Ligand code: CAO
């Protein structure tokens, strides 16, 4: 059995292309024409086939290596005599420079150089027949430059961009995604065209040079490369084409996997076969949702709610009933909306309402602020609430915990988030280590964080790590409400506007300033009795703040 070196065949103009995928390993049995590696330039990717059948004895290339025509890819122990006469083994001889004519691209029908309608044809794409159009980059009305990529075509071995032979305004595009094309097919009609990319030599069909099977692949790639040196001069980033080899793309298409949503873990973020399989598994297990699935889910008000077995969201033509204005929701609203929805749907939440007597505390706050007038720091009710909450969280530690699988994580730190209303939507800055700070310092930090929130300048760090959240509408009004827990926290305190109320002291009604408290809690972690005790304790502290010291 002979050992045969399998070399990179004639790959046209490509010089030093990177190996981005190894499709076989030592010990594998390969067939003649089986793809061995994938190489890639910035214009095209292609798979290099084996010139012979046999068992792989040695791999001579590694990921990231640069190869060119004649580079040895691997050594195969040939299966039989018949397989050996590898057309690609003699790359130089095989293909009389299919790419030599650099303008292989230009339209087979000579294009007029003067302005006026000009037809753009599919250039010489070598041995490839009936290649599928997988992407269209342009639309009627676009101004096209010479050699700007118009479409991408793909066979099962290579993908390539087809450039325009002329400049002008695209009047008509004759192909669409899914069509199959061949050399000479009419691709587009341009108007006001300004001369061909390259003069006539193009007409000389470089394809004739196309060679035996192993080399065939080279020709189209060569065509693409020589044809489109400027690639996509409009600068459209990678034209939205996910970074994957043609075979991976084909595999993804067969499975219906949206490649643009797959995170590539290959070199330079390239999407590999494993990535597509991993993505498919994650979707099937429910760990990941595709964008299409998300669009159907009730994450936005327009969603369908199909996963929950809900009837679809009502679709109403509001304009039928009166004038309307449609405005896209802001980014923060969309993000917080999705979070709120998840938290509302996934947490079995219950809200307890209670009142705290803050008559003395408010008097103390007002007098403190009078004394501190010159310091510029205003002590706020919310700062007292933060401090009082920390005391209650310490007494009832499950309120400061989080669910993690089958465990409860009890946090030994007390970071308190507070909801801040901003022009862009609701934000929750966090007072870190509130247990170690005094009410004055908390007031000051809150003021700074609330300002940053309103100015849209909060950093992610300033919004993370909360163990409990307070949402205060006290400055605005209202009586009670049911705040939504900020997962993975397990409780949230809602506070409304205090009111002077008659409170029975056993003998008479006394005017007392009562603060409405609404505590929402996760019933998986907390039960109703604990919640009632938490609220009662909070009320006691707010009623007599000296208890914080106990
Ligand atoms: N009862 C009565 N009055 C109250 C009060 C209460 N519980 N809490 C605050 N006030 C009064 C204050 O005394 C102050 O009045 P003066 O201007 O007369 O002194 C005024 O309301 C403003 O209060 P403040 O300066 O102390 O601010 P705050 O601490 O109440 O609020 C902040 C700060 C950032 C929380 C607030 O600006 C905010 O954004 N609140 C909205 C939060 C929200 O949207 N929550 C809902 C989330 S769920 O959708």
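Just so you know, all these numbers are worked out from the coordinates, no wet-lab data involved. Note that the structure is predicted; figures quoted are calculated from it, not measured. Every residue, glycine among them, receives a Cβ derived from its backbone with ideal geometry; neighbour counts consider all protein chains shown.
For a test of the definition: using alpha carbon positions, the gyration tensor, and the 1.5 limit on a/c, classify region 371-505 as rounded, prolate or oblate. Rounded.
If packing is taken as the mean number of other Cβ atoms within 10 Å per residue, what is the order of 330-343, 425-438, 496-509, highest first?
425-438, 330-343, 496-509
The stretch between residue 362 and residue 274, if pulled fully straight at 0.36 nm per residue, gains 25.4 nm over its current Cα-Cα span.
Hull volume per residue, based on the alpha-carbon atoms of region 301-393 and their convex hull, is 253 Å³. Taking a ≥ b ≥ c as the square roots of the eigenvalues of the Cα gyration tensor, region 1-69 is prolate, since a/c reaches 1.5 or more and a/b is larger than b/c. Report note on the peptides 453-460, 360-367, 516-523, 30-37: ranked by the mean count of other C-beta atoms within 10 Å, highest first, their order is 516-523, 30-37, 360-367, 453-460. Extension gain, residue 413-residue 501: 0.36 nm per intervening residue step, less the Cα-Cα distance, totals 28.0 nm.
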